[in-house]
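The values are calculated or read from the model by the stated rules, or taken from the named source; none is laboratory data. Computed from a prediction, not measured in an experiment: that's the story for all the values here. Please note: Cβ atoms are built from the backbone with ideal geometry, for glycine as well, and neighbour counts cover all protein chains shown. Calculation scope for accessible area: heavy atoms of the full protein, side chains included, ligands and nucleic acids excluded. Shrake-Rupley method; radii C 1.70, N 1.55, O 1.52, S 1.80 Å.
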Amino acid sequence: MNIAIIGAGPRGLALAHRLLQLDQSTAITINLFDPFGVGGRVWNPKLNNNQIFLMNTVADQVTLFNDASVDASIKGVTGPNLLKWSQEDAADYLAQHPDYAKSYSQEIKNMDRQSYSSRGLMGVYAHWFFDRLKASLKPGQELNCYPVEITKLQFSQDHFHLITSDETQDYFSDVLVMAPGHLDAELSGKEKGMALYADAHHLQYWPMGHPAEANFSTLAAKEPVLMRGFGLSFFDYMIALTEGRGGHLKQLASGELKYVPSGKEPTIYVGSRSGFPPRSRGINQKDTSQLDQTYFFTLQNLEEIRAAHDGKIPYDDFFSLLQRELSFKYLSNKIEASDLSPVQQTELIQALMHNDDWTEIIRRAGFDWPINLDLKALANPVLFESDYENFQKIFEKHLEDDIASAKLGNEESPLTAAFDLLRDVRSTVRFIIEHDYFTPDDYQRVLNEFKSIDARLSVGPPVLRTEQLLALVKAGIVHPMAPGMQVSGADGAFIASDNAYDEVRSNVLIEARLNTTDFRYTASTLFKDLLAEKEIVPNESKQTSSGQYLTDNTPAIDAETYQVMNPDGKPYDNWYLYGIPLEGQKWFNTVIPRPGVNSLIFAESNKIAKEILK
């Protein structure tokens, strides 16, 4: 059997691994195709920026090796996680491969449970993982990775014909799996307008893309630069233009970080609709596979709500239950940090667990704490008109409070631990979405309301990055604009404005945001061709009462087997697709595998591998 996997990132590698584990035949060939080679695009260890860009998960909670939590047939742990590898195997591997940057050999000397690996080191780990798979092949098994882009696909009843971008090489397979990661997108109408305007006026415009691949050598020191977007991509661009230009951080006696400039930095003006970055990831206090226990947001309670509403969960009930869970975590941690005796603390927490009137319970205990966390306001701080005059002070205070909270840890901090709980309940949220527990109208609210709140509270940067941002603001290198940032082209320049009526003029605009995952607007030659030929079609399975399709931004697949569906609604034989292009149809696909928790990528790879080999 010949199996082709398009995409050699964590998903492609996980699937190859599981296929090799399950294979009982005498002949199986697995060919991975990725123009960026083993590990894929995001983790490319050869890009300079990836030596300083960080992952968003601590190394102790990252792995490429599956385990018994995925399938009982897997005995024990099949290999080291990223942290253990960096401490035990990386030094020898890097010594044997001197073409990797020396910075990786330095990095591994300081890795511990709090460490966020560089993205490049993750890429080195992926190469080592692939080499280990190759070394452990059984007789009759073959594994290859071709650093080429597949741009055209032809198929018949018994095989797939894969054609590369230069059309110089043909590949054939019996089975095809597409795991392409985050695809580039065509420029939107507004972006095309900006690009044309920039060309006409000799300005510099960077549309949404992969920050690690950006080349900012044309930007001069002190040059005003506009950045639109305050998410994770912003932090990458911020680091590229500061630390990447020779600046560094110095820790003061107070513990605060001070930025020491190199003199090569531009002046960055950054803004977004909300005006604030997402909340920081807390100092890690959790074990490798630790998930916090929930008391209110449980599958049993959700099932009871569903049973009381004709088999569907109202969005407001879903959100209220989740908010109660996070509020309980917040209050429990506040109680455990109080001066009450251990016995009193336990009694008070038990009282919260078994009574509804939390306000009275907390008041009687002598505390004046907020009872129900306002997740919407915490995700998007509300400002009043008078606040805009002092926005930078408010912004700095917001960062200082966020940093202080994150440094208390993701288990002990009242706020940050509550936010971290959103990560731990992700599998429950995924279950009720994939089992169709919402009406289309309520699922629209999940996509439009909850998704943003979840991202802003639980998918922020490591706290170090927020400390760096604060230091850069205080150094006068980064200038936050007030909420409501808008950018237009006028008078031969880019003009940024905000709700404080401030305006900034610049010759440079960087779209510091990720592009859409909507496969209908992809720049991928392969996907565009398949869509044009109607060989893949949009998923129109969910439609609101107003007639809006909710998942037509994703390819239609069989939700159980991951087989691609043809225009007649029937699954193709031996053709599968999973990963980020399914975002919306599947919940929160932008994950990295974690040991011991039946991680999404491993669970999906296990399903697909079993389908292929059955």
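Figure legend: label point modelled 7 angstrom from the Cα of Ser165 along Cα→Cβ; residues of segment 180-205 with amide N under 16 Å from it are 180-186. Residue order by solvent-accessible surface for Lys222, Lys474, Lys542, Lys334 is Lys222, Lys474, Lys334, Lys542, largest first, with ligands and nucleic acids left out and a 1.4 Å probe. Along the axis of the charge dipole computed for the chain (Cβ charges of +1 for Lys and Arg, -1 for Asp and Glu, origin at the Cα centre), the listed residues Leu408, Asn2, Thr218 are led at the positive end by Thr218.
When a/c is below 1.5 the answer is rounded, else prolate if a/b is larger than b/c, else oblate, so apply that to segment 402-560 with a ≥ b ≥ c taken from the square roots of the Cα gyration tensor eigenvalues.
Taking the square roots of the gyration eigenvalues as a ≥ b ≥ c, segment 402-560 is oblate.
With Cα atoms as the point set, segment 541-614 shows a radius of gyration and Dmax of 13.7, 42 Å. Using just its DSSP H runs of length 4 or more, each adding -39500 (n - 2.57), the chain gives a mean residue ellipticity at 222 nm of -10500 deg cm²/dmol after division by all residues.
Within the accessible surface of segment 442-543, defined with a 1.4 Å probe on protein heavy atoms only, the carbon and sulfur portion equals 44 percent.
Working from Cα pairs under 8 Å separated by at least six residues, relative contact order for the chain is 21 percent. Remark: relative contact order (segment 288-422) = 27 percent; criterion is Cα-Cα distance under 8 angstrom and separation of 6 or more residues. Taking amide H as placed 1.01 Å from N in the peptide plane, Thr267 has its amide H under 5 Å from the amide H of Lys222, Glu223, Val225, each at least 5 places away in sequence or on another chain. The amide H of Val177, built 1.01 Å from its N in the peptide plane, has Ala4, Ile5, Ile6, Tyr576 as neighbours under 5 Å, considering only residues 5 or more places off or on other chains. Between segment 230-273 and segment 168-227, the C-alpha centres lie 23 angstrom from each other. For the chain, the C-alpha radius of gyration sits at 0.99 times the compact-globule guess of 2.2 N^0.38 Å, with N the residue count.
Within the assembled protein chains, the solvent-accessible surface assigned to Arg119 is about 40 Å², based on a 1.4 Å probe.
Could you state, as a whole-number percent, how many of the C-alpha pairs of segment 225-339 are farther apart than 24 Å? Distances greater than 24 Å cover 58 percent of the Cα pairs.
Once Rh for segment 469-569 is found with the Kirkwood sum over Cα pairs, what is the Stokes-Einstein diffusion coefficient at 10 °C and 1.306 mPa s, in µm²/s? So the translational diffusion coefficient is about 89 µm²/s.
Relative contact order of segment 1-144, taken over Cα pairs closer than 8 Å and 6 or more residues apart, is 33 percent. Volume per residue for segment 332-393 equals 134 cubic angstrom (convex hull of Cα atoms).
Only protein atoms count toward the accessible area here, which uses a 1.4 Å probe; on segment 259-308, the carbon and sulfur part of that area reaches 47 percent.
The slack between Asn598 and Ser254, meaning 0.36 nm per residue of separation minus the straight C-alpha distance, is 119.7 nm. Within a straight-line Cα-Cα reach of under 18 Å, Lys109 can be paired with the following lysines, leaving aside sequence neighbours fewer than 8 residues apart in one chain: Lys84.
Probe of 1.4 angstrom, ligands and nucleic acids ignored: what's the accessible area per residue over the chain, in square angstrom? Numbers along the way, then the final one.
Details: 26540 Å² over 614 residues.
Accessible area per residue: 43 Å².
A protection proxy built from the mean count of other Cβ atoms within 10 Å ranks the segments 132-139, 249-256, most packed first, as 132-139, 249-256.
Ranked by the mean number of other Cβ atoms within 10 Å per residue, highest first, peptides 232-238, 511-517, 366-372 order as 232-238, 511-517, 366-372.
Charge dipole of segment 28-87 (Cα centre as origin; +1 on each Lys and Arg Cβ, -1 on each Asp and Glu Cβ, all else neutral): 160 debye, rounded to the nearest 20. Percent of Cα-Cα pairs more than 16 Å apart in segment 102-230, please. Here the tail beyond 16 Å accounts for 80 percent of pairs. Using a probe of 1.4 Å, the accessible surface attributed to His210 totals some 40 Å² when neighbouring protein chains are kept in position. Using only side-chain charges placed at the Cβ, +1 for Lys and Arg and -1 for Asp and Glu, the dipole size of the chain relative to its Cα centre rounds to 1160 debye.
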